[in-house]
Amino acid sequence: MRGLTTAQVRARQLDAALAMRPDLATVFCGTNDVTAPRFNADNVAADIAAMQRALVAGGATVLSFTLPDLTPLMPLARLIAPRIAALNRALVEASRSTSSILVDFAAHPVTTDARLWSEDRIHANAAGHARIAEALAHALRLPESDSSWSEPFPTALAQTRLQWCTAELRWTRRHLLPWLVQGLLSRSSADSRSPKRPKLTPL
């Protein structure tokens, strides 16, 4: 569910995941922590490690991945770049201590290519999710998987100054300003939202 902090994911989703006795699980959260008014990297690391450890103990292979610096996508993200770096360090440390598999997206420039992100610049689009899936498959050493997911697009993203300015204004109006209003009102994007799949089922 969108809008949850790492602590909320642990509190609301871990038990349901463990009850399914998964043999494969992905653990990634923290984006909502780094954009919150207060951020505690140690607490986030502890929650991530606890979730990974519980899933590993239940017999699951656990995958996690780092978050790239979002500054190339939105210049304002430089304000939270230190937090993202701290989140990534927390993921590295947690994954090392729990023997989880970590995919370091932050190490690959292609992960901040705008063609892999949705209009809000926070969530991946279909092409971005495809790359994520390919990266995780490669980390698991699945047949026919390879490192091609990390390769840049064959052509650079061409954009005129007018197109860039138009896109920035549209993003500010549709996404940044509503997000700022939510913050001032102490609201979350998870409010009034329900999960796409309220009841977990085997895949």
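Brief remarks follow.
- Failed item, numbered, when I122 is tested on (1) under 30 Å from W164 (Cβ atoms); (2) more than 16 Å from the chain's Cα centre (by Cα): (2)
- The criterion of at least 1 residues that are farther than 22 Å from N125 by Cα is met, among helices (runs of 4 or more DSSP H) falling completely within the range 1-112, by 6-19, 41-57, 81-98.
- Residue list for the range 98-120, filter: loosely packed, with under 13 Cβ neighbours inside 10 Å and hydroxyl-bearing (S, T, Y): S99
- Pair list, Cβ under 8 Å, 6 or more apart: the range 87-106 residue touching a residue at least 12 places away in the same chain (Cβ under 8 Å), other residue of a type in the set (S, T, Y) and assigned to a helix (DSSP H, G or I): I101/S95; L102/S95; F105/T111
To keep it simple, each residue is scored yes or no on (1) at pLDDT below 80; (2) loosely packed, with under 10 Cβ neighbours inside 10 Å; (3) in contact with a helix residue (DSSP H, G or I) (Cβ under 7 Å, 6 or more places away or on another chain).
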site: E144; (1), (2), (3): no, yes, no
site: P152; (1), (2), (3): no, no, yes
site: A156; (1), (2), (3): no, yes, no
site: T160; (1), (2), (3): no, yes, no
site: C165; (1), (2), (3): no, no, no
site: R174; (1), (2), (3): no, no, no
site: L177; (1), (2), (3): yes, no, no
site: L180; (1), (2), (3): yes, no, no
site: L185; (1), (2), (3): yes, yes, no
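- Residues that are part of a helix (DSSP H, G or I), touching a residue at least 40 places away in the same chain (Cβ under 8 Å) and within 19 Å of D113 (Cβ to Cβ) within the range 138-169 comprise just one, S150.
- Among the candidates D69, D47, the residue that is modelled with pLDDT of 95 or more and among the acidic types (D, E) is uniquely D47.
- Residue within the range 68-86 that is of a type in the set (K, R) and on the phi < 0 side of the Ramachandran plot present: yes
- Scanning the range 121-142 for residues that are modelled with pLDDT under 90 and surrounded by fewer than 15 Cβ atoms within 10 Å (Cβ to Cβ) gives a single hit, H123.
- Selection within the range 40-72 - surrounded by fewer than 18 Cβ atoms within 10 Å (Cβ to Cβ) and not acidic (D, E): N40, N43, A46, A50, R53, V56, A57, G58, G59, T61, T71, P72
The values are calculated or read from the model by the stated rules, or taken from the named source; none is laboratory data. The model shown is predicted, which means the values in this text are computed figures rather than measured ones. Here the Cβ is made from the backbone with ideal geometry for all residues, glycine too, and neighbour counts use every protein chain on show.
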